[in-house]
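Engineer: Let me begin by handing over the structure; questions about it come next.
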Amino acid sequence: MNSVRLREIISEFNLETIRDFGKLDTTEIAVADVTRPGLQLTGNFEHFGPDRIQVVGNMEMAYLNSLQEPERRTRISQLFATGIPCLVITRHHEASNVMMQCADKYKIPILRSADTTSSFTSSLVKYLNVELAPRISMHGVLIEVYGEGILMLGESGVGKSETALEIVKRGHRLIADDLVEVRRVSEATLLGRAPEIIRHLIEIRGLGILDVKELYGVSSVKMQENIHFVINLELWDEKKVYDRLGLQEESTNILGIKVPSITIPVRPGRNLAVIVEVAAINFRQKKMGYNAARALTDRVFRQESLQ
Amino acid sequence: MVTKTVIFRCDDDWQMKSAALLTQKASAFRASIFLGKDERRANAKSLLGVMSLGMIDGDELVVSVDGEDEEAALEAVTNYLEQADKDQ
């Protein structure tokens, strides 16, 4: 199970630490949901998830201020007693004395943001969804061609890195060579990145390790990209029948998401970069509703009906 | 498919040269060889993949080998990972 430490969240969102109790490195968030504990402050704890970050803003603060003294303390205590990971106060509101005393009693970290509540909540949920997403590391190359994220897979030595280099020379971008960290950030989206240590490096047999960013500049690389389709490179097998028309709809399953894919047989002298580039254009065209193979079929039938 | 968990040993800092030697040793076999550290898995035949693991002395690695010469490949790779002096 993936998790994020409080300290990482604090540095990501520039939060101010009001109380930490030495828990910033030990408290780990493992759910991407965030709660505004409005109902809980009225005393209703049905379906409450105590493992979530709690965010209080204008509304909650105003409600707490409207309560009389013993009751206010009881309500805050009840919330803190559930063992929530932390409480974030937005809009730079001051934590009241009662709130501080309750935090001290239950050792609940209190953080503060200058942002508005809904804006902070939505960025936090988005950030947590990416950080907590199921992930897998794949042996392959991730490139971006005409806006499409293409994951090239295939055996070692089949020519993935060489193809990526040629693709970069043609003005497209490299995201990761050799090892791609893939995350499922939503039910339909896969995000690919390079591990930081080897980011934007490429290994070409015979030359060694090249730094693509240094050689070709910042316009030749990208930090991350969604994976739109997969190209499987494999050595040309004489016995295998390859798709000649492009009517077959192949897909590759990554972390439970079906990604459209094609298989390209590799043979010395075949210019893979051109093929990958045109595959990207073709994929875009299909997305926009035009399929060359189907158009050809239509033409053939029209000819027949005229005769 | 065969797997084995080994403790990675390395006298000096894990130099790039030793990573290159490991990928060379792995590339001599037909079987596919993967090294796993924590949640990350890297192809032992790829230099950048191996380096991305950031292995240091004492790390626990899971070596998984699949293919016709898997037994020999597993032995060669695990021996290399476990020997402290990588220059030999």
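The values are calculated or read from the model by the stated rules, or taken from the named source; none is laboratory data. Remember, predicted model here, so these are calculated numbers, not experimental data. Positions of Cβ are generated from backbone atoms using ideal geometry, with glycine treated the same way; all protein chains shown enter the neighbour counts. Each accessible area value is taken on the protein alone, full model and side chains, heavy atoms only, with ligands, DNA and RNA left out. Shrake-Rupley method; radii C 1.70, N 1.55, O 1.52, S 1.80 Å.
Engineer: Suppose each label sits 7 Å from its Cα in the direction of the beta carbon; what would the A:ARG170-A:GLN248 distance come out to in nanometres?
Structural biologist: About 2.2 nm, to one decimal.
Engineer: Okay, moving on. Volume per residue, Å³, of the convex hull around the alpha-carbon atoms of the protein assembly as shown?
Structural biologist: With only Cα atoms used, the protein assembly as shown gives 209 Å³ per residue.
Engineer: I need the P(r) histogram for segment A:135-295: all alpha carbon pairs, bin width 10 Å from 0 out to the longest distance, whole percents.
Structural biologist: 10, 41, 36, 11, 1
Engineer: Provide the per-residue ³J(HN,Hα) series for segment A:164-171, in order, calculated from phi with Karplus coefficients 6.51, -1.76, 1.60 and θ = phi - 60°, each as a whole number of Hz, with x at glycine and proline positions.
Structural biologist: 4, 4, 5, 4, 5, 4, 7, x
Engineer: Another question, then. Taking every Cα atom in segment A:1-59, find the radius of gyration and the maximum pairwise distance Dmax, and write them in Å.
Structural biologist: Cα only, segment A:1-59: 12.8, 34 Å (Rg, Dmax).
Engineer: Among B:TYR80, B:LEU47, B:THR3, whose Cα lies farthest out toward the positive end of the dipole of chain B, if unit charges sit on the beta carbon of Lys, Arg (+1) and Asp, Glu (-1)?
Structural biologist: B:LEU47
Engineer: Still on this structure, please answer the following. Per residue, how big is the convex hull around the C-alpha atoms of chain B? Give it to me in cubic angstrom, could you?
Structural biologist: Looking at chain B, the number lands at 76 Å³ per residue.
Engineer: Then there is this: Taking DSSP loops as anything outside H, G, I, E and B, show the longest stretch in chain B free of GluC sites (Glu not before Pro) there with at most 14 other beta carbons within 10 Å.
Structural biologist: With a cap of 14 other Cβ atoms within 10 Å, the longest stretch comes to B:1-38.
Engineer: OK, next. Calculate the radius of gyration of the Cα atoms of segment A:4-131 to one decimal place, then report Dmax, the largest Cα-Cα distance, as a whole number, both in Å.
Structural biologist: Final numbers for Rg and Dmax: 13.5, 41 Å.
Engineer: Over 29 Å between Cα atoms, which of A:LYS222/A:LYS286; A:LYS213/B:LYS37; A:LYS126/B:LYS17; A:LYS240/B:LYS25; A:LYS222/A:LYS287 qualify?
Structural biologist: Result: A:LYS126/B:LYS17; A:LYS240/B:LYS25 exceed 29 Å.
Engineer: Out of A:VAL259, A:ALA293, A:LEU215, whose Cα points farthest toward the positive end of the dipole of segment A:135-295 (charges: +1 Lys, Arg; -1 Asp, Glu; placed on Cβ)?
Structural biologist: Checking the options against the dipole of segment A:135-295, the answer is A:ALA293.
Engineer: Using modelled amide H (1.01 Å from N, peptide plane; none on Pro or chain starts), what sits under 5 Å from the amide H of A:CYS86, excluding residues fewer than 5 places away?
Structural biologist: A:GLN54
Engineer: Along the Cα-to-Cβ line of A:ILE204, 7 Å from the Cα, sits a label point; which residues in segment A:166-186 have backbone N less than 17 Å from it?
Structural biologist: Residues passing the 17 Å test: A:166-178.
Engineer: Could you pull out the GluC sites (Glu not before Pro) across segment A:207-264 that fall in loop regions by DSSP (anything but H, G, I, E, B) with no more than 13 other Cβ atoms inside 10 Å?
Structural biologist: Counting only loop positions with at most 13 other Cβ atoms within 10 Å, the GluC sites (Glu not before Pro) in segment A:207-264 are A:GLU238, A:GLU249.
Engineer: Right, next: For chain A, which whole-number percentage of the solvent-accessible area (1.4 Å probe, protein heavy atoms only) is attributable to carbon and sulfur atoms?
Structural biologist: Here carbon and sulfur together make up 50 percent of the probe-accessible area.
Engineer: Do the sum for chain A: with -39,500 (n - 2.57) for every DSSP H run of n ≥ 4, divided by all residues, what is the mean residue ellipticity at 222 nm, to the nearest 500 deg cm²/dmol?
Structural biologist: -10000 deg cm²/dmol
Engineer: On a 0 to 90° scale, report how tilted helix A:97-106 is relative to the longest principal axis of chain A, with both axes built from alpha carbons and the result rounded to the nearest 10.
Structural biologist: In chain A, helix A:97-106 runs at an angle near 70 degrees to the longest axis.
Engineer: Can you compute the FRET efficiency between A:SER122 and A:VAL274 using 1/(1 + (r/R0)^6), with r the Cβ-Cβ distance and R0 = 51 Å? Round to the nearest 0.05.
Structural biologist: The formula returns an efficiency of 0.75 here.
Engineer: How much solvent-accessible surface does A:SER118 expose, in Å² to the nearest 10, with a 1.4 Å probe and all protein chains in place?
Structural biologist: 80 Å²
Engineer: Would you mind working out the magnitude of the charge dipole of chain A relative to its Cα centre, with +1 at each Lys and Arg C-beta and -1 at each Asp and Glu C-beta, to the nearest 20 Debye?
Structural biologist: Dipole of chain A, to the nearest 20 debye: 420 debye.
Engineer: Further question on the same structure: Efficiency by 1/(1 + (r/R0)^6): what FRET value for A:PHE45 and A:ASN14, r their Cβ-Cβ distance, R0 = 30 Å, to the nearest 0.05?
Structural biologist: About 0.45, to the nearest 0.05.
Engineer: Taking only Cα atoms, what is the 0 to 90° angle, nearest 10, from helix B:70-82's long axis to the longest principal axis of chain B?
Structural biologist: The angle comes out near 10 degrees.
Engineer: Answer with one residue from A:LEU128, A:PRO109, A:ALA176: the one whose Cα lies farthest towards the positive end of the charge dipole of segment A:109-201, charges on Cβ with Lys, Arg +1 and Asp, Glu -1.
Structural biologist: Positive-most Cα among the choices belongs to A:PRO109.
Engineer: What accessible area per residue comes out for segment A:4-131, rounded to a whole number of Å², with a 1.4 Å probe?
Structural biologist: 49 Å²
Engineer: In degrees between 0 and 90, to the nearest 10, how far off the longest principal axis of chain A does helix A:69-81 point, with axes built from Cα atoms?
Structural biologist: The two axes meet at around 40 degrees.
Engineer: Shifting gears a bit: Starting from the amide H of B:ASP59, placed 1.01 Å from N in the peptide plane, find each other amide H under 5 Å away whose residue is 5 or more places distant or on another chain.
Structural biologist: Sorted by chain and number, the residues that satisfy this are B:PHE8.
Engineer: Could you let me know the centre-to-centre spacing of segment A:235-288 and segment A:117-179, using Cα atoms, in angstrom?
Structural biologist: 18 Å
Engineer: Ok, one more. Explain nothing, just the number: dipole magnitude of segment A:4-131 about its Cα centre with +1 on each Lys and Arg Cβ and -1 on each Asp and Glu Cβ, in debye rounded to the nearest 20.
Structural biologist: 200 debye
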